[in-house]
1. Can you tell me which lysines have their Cα less than 27 Å from the Cα of LYS37? Leave out same-chain residues fewer than eight positions away.
2. Can you work out the base-10 log of I(q)/I(0) for the chain at q = 0.17 1/Å, using the Debye formula on its C-alpha atoms alone?
3. What's the percent breakdown of Cα-Cα distances in the range 105-169 across 5 Å bins, shortest bin first?
4. How much net charge surrounds ALA68 when only the other residues with a Cβ under 14 Å from the Cβ of ALA68 are counted, with Lys and Arg +1 and Asp and Glu -1?
5. Among GLY108, GLY61, GLY137, which one shows the biggest mean-square fluctuation in a GNM of the chain, springs joining Cα atoms closer than 10 Å?
6. I need the peptides 22-35, 201-214, 112-125 ranked by packing, meaning the mean over residues of other C-beta atoms within 10 angstrom, with the highest value on top.
7. For Cα pairs less than 8 Å apart in space and 6+ apart in sequence, what is the mean separation divided by the residue count of the range 1-95, i.e. the relative contact order in percent?
8. Looking at the range 4-139, I'd like the Rg to Rh ratio, where Rg is from alpha-carbon atoms and Rh is Kirkwood's inverse mean 1/r.
Amino acid sequence: VAPVQIGILGGTGPAGSALAARLASVGHEVIIGSRSKYRAMEVVDKLHEQWKSRDLQIVAGDNPGAAAAEVVVIATPWDGAYGVATSVAELLDGKVVICMANALTRIGKEFQPLVPPRGSVAASVQAAVPSCQVAAGFHHVPAKELGDLSHPIESDVLICSDYPRATEVTSAIASSVPNLRPLDAGGLSQATPIESFTAVLLQLNVHYKTRVAVKFTGIADFDGPADAPVGAGAGRENPADEGE
Ligand SMILES: NC(=O)c1ccc[n+]([C@@H]2O[C@H](COP(=O)([O-])OP(=O)(O)OC[C@H]3O[C@@H](n4cnc5c(N)ncnc54)[C@H](OP(=O)(O)O)[C@@H]3O)[C@@H](O)[C@H]2O)c1
């Protein structure tokens, strides 16, 4: 997979910074975005310090700086995703936007899924910025393992989108990490169960005092998707034209 420039909105949290480190470790160029560029700089400095033996191409930016990248990831809490996407809407025009946010709450010892407007965080982002191509993905990959570059991470990555190009680009990025297997889970309506299933995984983590990842049996090994064009507007499809 050719290196891609990837901007991460809310990239200062455990999920975004772990994804940044892992994607940079396989050659992608990553911009960690934040509402505060200084917070992003602190996180980037920590990553460079932690992995100083590696030449990680990670730089700090504000969220608009990250949104200017070729491919954009949303790694904010669920209730921040809509607002942050809207705030950089013009920069997302025609781009693949990967939404990894899960709408969850914890009540006592139990994780419970929430149902955001339009059924999922990803669908609410797609509605907020109709000119971009949202793919939901990376919801179930635990941040700690994802960010630990001294160990491989093994997981399936369920991806869904109404745009084939968004699924292809997200799959290509996932498959650039050894042992991550992208799986095409269908249209964006599947983001509802994909996001809410995260509550089950977190519950398993609590019960078994571990961090689980998902791996499906019964799908034959395959070489992964061909490289997909990532530039804004490349191969743009209109799902309305596909006449399901
Ligand atoms: N943790 C995991 O293992 C994991 C794995 C897969 C997916 N996820 C999902 O990935 C997302 C991020 O997880 P996380 O644990 O990294 O979350 P987090 O630490 O709570 O938030 C990530 C970043 O989002 C920004 N942010 C917070 N509230 C915001 C708001 N209202 N508007 C805009 N930006 C806001 C903050 O960055 P600034 O203050 O610097 O702007 C924060 O550092 C979540 O939706 C989570 O469900 C998490």
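FYI, it's all coordinate maths here, none of it is from the lab. Everything numeric here is computed off the predicted structure, so don't read it as measured data. Positions of Cβ are backbone-derived with ideal geometry, glycine not excepted, and every protein chain shown enters the neighbour counts.
1. Here the lysines satisfying the reach criterion relative to LYS37 are LYS46, LYS52, LYS95, LYS144.
2. Per q value, in the given order, log10 I(q)/I(0) is -1.33.
3. It works out to 3, 15, 16, 19, 18, 17, 9, 3, 0, in whole percents.
4. Values: positive: LYS37, LYS95; negative: GLU29, ASP62, GLU70, GLU90, ASP93.
Result for the local shell: -3.
5. Checking each option, the largest mean-square fluctuation is seen for GLY108.
6. Working: 22-35: 23.4, 201-214: 13.9, 112-125: 20.9.
Ranking the peptides 22-35, 201-214, 112-125 by packing returns 22-35, 112-125, 201-214.
7. Dividing the mean separation by the residue count of the range 1-95 yields 35 percent.
8. On the way: Rg = 14.6 Å, Rh = 14.8 Å.
Across the range 4-139, the Cα-based Rg/Rh ratio is 0.98.
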